[in-house]
Amino acid sequence: MVFYSLLFIFMVTAPLGASGLAAGNAACANLTEFLTSSKINSDKLSPQYLETQEDYWNAVQSSYVPSCVVYPTSAQDVSVALQGIRAAGSRFAIKAGGHNPNTFFSSVDAGVLIDLGSMTSMLYNEDTTLATYEPGSLFGDLYDYYAKFNRTVVGARLAGVGTGLALGGGLSFLSPQYGMACDSFRELEVVLPSGEIVTASNTTNPDLFFAMRGGGGNAYGVVTKYTVQSRPIGEFYAGNVIYLFNQTTAVSEAIQNFIQYNEDPKASIIGTYEMLPTPSFGLDLDRAVIMFLVYDGPDAGDAFKNFTDIPNLFNSLGIKTYPEVVNMPIPMSTELSRGDNIFRVGVHRIGDDSYQTALDNWYTWAEDNKGSYSLSSIDFQPIPKSLTDASKAQGGNAMEMPDGPWYWVNYLISTPSSLSQQDYDEAQAKFRDMVKKTANAEGLPLFINDANYDQNPLSTFSTYSKLQEIKKKYDPDNFFANYTGGWSFD
Ligand SMILES: Cc1cc2nc3c(=O)[nH]c(=O)nc-3n(C[C@H](O)[C@H](O)[C@H](O)COP(=O)(O)OP(=O)(O)OC[C@H]3O[C@@H](n4cnc5c(N)ncnc54)[C@H](O)[C@@H]3O)c2cc1C
């Protein structure tokens, strides 16, 4: 593919051996020539630049200083941006909602940051029931818009997360009914690493379409438009139930029971155990178990009885709209939980002792390492058979998810910003070693959206060699592989 050569010849190339800073500046100079001034900002003190730089869920990434930020409003702008960056040999990053905690996945130091936040158009076609949206909105904005038609798109369980979620699969409260967010993709507009703008669907570039359904963002190109199957929504019965830690055994049993036996695809849960750094004083006030219980419909029947039968501290179950569901437990929870945050992931089958082992390993680590985190949690996320069936019925995704039930575990460490680099590295190493102590199930994919970059999640996919081939085809000279962060294909 030589598409990029057209613009490329007019552009500045950084001197051979130039530093990252010089290459970043050369790329910004190129783009200033080719984009109108409202679409590029190199003023590091301007409110627009600062807002982009600060808006990362992992606050560590806000310390990076992009040479300039590009705000495309169309696929053509993204194409020009990629060609200018390529010509200058600069590093870059593509940012949607900024929630991926891995550094340099959607952040860049001395390079070009492509902030998709100005691409916010969204449409609903009442005849086809397809929804089309650009990548710059948060899922909460999309839910608010589609709710006007009594429809929604399959996406994040918290309103504040961005559309990059769906490129990593995307686990929703609606997934047990409709599959992962990416399973609802019907057509994508993609700017390839060459700058060429193409369509990806089951019939056009089907290999690219396959890879972009859960095979990760910033690897094969930039999605500038999503056309997805929308879903009907009405009233939900949903809420959080919070338990003191002395109910852990009963709640853990209820969660495992739900993972193994629940067959109602309208019922969805997340089981989360939270730990604060404060001393316990034997009163268990430093920890709690928080359930997210969501039923698509006003009457959940007995779906959550095992949870509501256990004595609890707080229960907010009741009738809710979908926008209210994704703002549980409180609105703005993604914004409020911003900090020095890192995720790790595990994947396990039900029926062995992995649930208890993972919980015990986390709990022991959390007790032994007070002071090295400001918050830590372990979340259990069921993958029922109805979800994997719904995925298969729509053609399957890049994970080719084996039949449920099984579950993903999300681990969070939030570290105090006062930690020295050495203490930070030590805290992260201990956290990594704790997660590794619980062996993952063979033959199941690690969830990209919850993974740390060093966990190499793609290598756990049964489709890995196919994805490697697709990556080679669409990024033939390793432009993305070498100049932006992302998952390893090696
Ligand atoms: C508070 C919180 C709640 C979460 N809840 C869920 C959940 O319910 N379900 C779930 O599955 N995951 C969840 N996640 C994980 C989340 O899906 C990932 O962090 C995801 O990467 C976030 O997407 P983003 O657009 O916000 O982030 P970004 O960091 O902007 O993007 C993520 C990655 O995708 C790339 N990317 C983004 N857009 C494009 C594009 N258009 N084209 C090409 N590449 C692109 C970026 O370069 C980056 O590498 C949650 C994360 C947080 C922090």
Quick one: is Ala300 within 16 Å of the ligand (Cβ to nearest atom) and crowded, with 20+ Cβ neighbours inside 10 Å? no
Considering only residues that are part of a loop (DSSP other than H, G, I, E, B) and among the charged types (D, E, K, R), look in segment 414-445 and name the one that is surrounded by the most Cβ atoms within 10 Å (Cβ to Cβ). Lys437
Kindly provide the set of residues from segment 275-331 that are of a type in the set (Asp, Glu) and at pLDDT 95 or above, ordered by number. Asp296, Asp299, Asp302, Asp309, Glu324
Residue by residue through segment 92-124, note down the ones that are within 19 Å of Asp77 (Cβ to Cβ), hydroxyl-bearing (Ser, Thr, Tyr) and near the ligand (Cβ under 10 Å from one of its atoms). Ser106
Going by the structure shown, is Leu208 more than 10 Å from the ligand (Cβ to nearest atom) and crowded, with 24+ Cβ neighbours inside 10 Å? no
Of the residues in segment 461-478, those that are closer than 20 Å to Asp403 by Cβ and either within 16 Å of the ligand (Cβ to nearest atom) or assigned to a loop (DSSP other than H, G, I, E, B) (or both) come to Phe461, Ser462, Thr463
Which one of these is assigned to a loop (DSSP other than H, G, I, E, B) and more than 8 Å from the ligand (Cβ to nearest atom): Asp127, Asp141? Asp127
Residue pairs meeting the criteria (Cβ under 8 Å; at least 6 apart or on separate chains; first assigned by the TED database to the domain that holds Asn327 and part of a helix (DSSP H, G or I), in segment 170-194; second within 11 Å of the ligand (Cβ to nearest atom) and among the hydrophobic types (A, V, I, L, M, F, W, C)): none
Could you run through segment 108-118 and say how many residues are in a loop (DSSP other than H, G, I, E, B) and surrounded by 23 or more Cβ atoms within 10 Å (Cβ to Cβ)? 2
Selection count where residues are at pLDDT 95 or above and of a type in the set (D, E, K, R), scope segment 332-348: 2
Does Leu458 satisfy being among the aliphatic types (A, V, I, L, M), within 16 Å of the ligand (Cβ to nearest atom) and assigned to a helix (DSSP H, G or I)? yes
Here are Gly215, Gly221, Gly179, Gly170: which of them is closer than 20 Å to Ser118 by Cβ and within 14 Å of the ligand (Cβ to nearest atom)? Gly221
Considering only residues that are part of a loop (DSSP other than H, G, I, E, B) and in contact with a Pro (Cβ under 9 Å, 6 or more places away or on another chain), look in segment 144-159 and name the one that is nearest to the ligand (Cβ to nearest atom). Ala159
Residue check: is Ile448 assigned by the TED database to the domain that holds Ser252, of a type in the set (Val, Ile, Thr), touching a Ser or Thr at 6+ places or on another chain (Cβ under 6 Å) and buried (at least 18 other Cβ atoms within 10 Å of the Cβ)? no
All-but-one check, Gln229 against (1) surrounded by 19 or more Cβ atoms within 10 Å (Cβ to Cβ); (2) under 26 Å from the mean Cα position of the chain (by Cα); (3) touching a residue at least 24 places away in the same chain (Cβ under 8 Å), failing number (1)
Using the structure shown, decide if Gly136 is within 26 Å of Arg157 (Cβ to Cβ), free of Cβ contacts under 8 Å to residues at least 60 places away in the same chain and in the same structural domain as Asn218 (by the TED database). yes
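The values are calculated or read from the model by the stated rules, or taken from the named source; none is laboratory data. This is a predicted model, so every value here is computed, not measured. A quick note on method: Cβ atoms are made from the backbone with ideal geometry, for glycine too, and the neighbour counts reach across all protein chains shown.
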